[in-house]
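Since the structure comes first, as C-alpha cells, the remarks are kept for the end.
Throughout, read-outs are computed from the coordinates displayed, never taken from laboratory work. Since we're looking at a predicted model, the values are computed, not measured. Neighbour counts are summed over all protein chains in view; Cβ atoms, including those assigned to glycine, are modelled from backbone coordinates with ideal geometry.
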Amino acid sequence: MSNPTEINQFINDLDGGVFSERLGKILSDVAAGVMDHEKAGKVSIDLNIKRVSDTFQVHIDHKVTYKRPTARGDISENNVTTTLMHVDVGGEMTLFPKSQVPRGQMHIADKETGEILTGGNK
C-alpha cells in the first residue's frame, strides 16, 4: 500500500529549507512584476527523481524556472539543486528514514525462528 509523502515537509526539506525560501521569493517577485507591468509571468517547478544504487534513497533534482515581466521585456532564470531523500515503506519520501529496518525493504530476522527474511518472504 502506498504511503503518501507529506508535501509541506517534503518542500521544506528540499535543499535544507533553501528551496522553499527561494520559491517564496521568486513567487513574490514574479507577482510584483505582473502587477507593475500588466504582463504575464511564469514560475515552473521540475522534479527529477533517480535511485541511488543499492539503497533505499533517491536523488531529487529540483529546478525552479521563472520569467518576471519588466518595463521593456522580462527577466528569466533557472536554479537547479539536488537533495538526497529516503524512500520508506509505501514510497513515502522523507529526509530521515522512518525506521532503521523498513518492513519489506531490508533483511529482517524472524523473531521466533531467527530465520532471515528478505523482502517479507522466507
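Overview of results
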read-out	value
Net +/- balance of residues flanking ARG72 in space, Cβ distance below 15 Å, scoring K and R +1, D and E -1	0
Inter-label distance, nm, simple model (7 Å from Cα along the C-beta direction), LYS63/PHE96	3.2
Cross-link table LYS25/LYS50; LYS63/LYS98; LYS25/LYS67, entries beyond 24 Å C-alpha to C-alpha	LYS25/LYS50; LYS63/LYS98
Alpha-carbon gyration tensor eigenvalues x 5, square-rooted, for region 1-71, Å	32, 12, 10
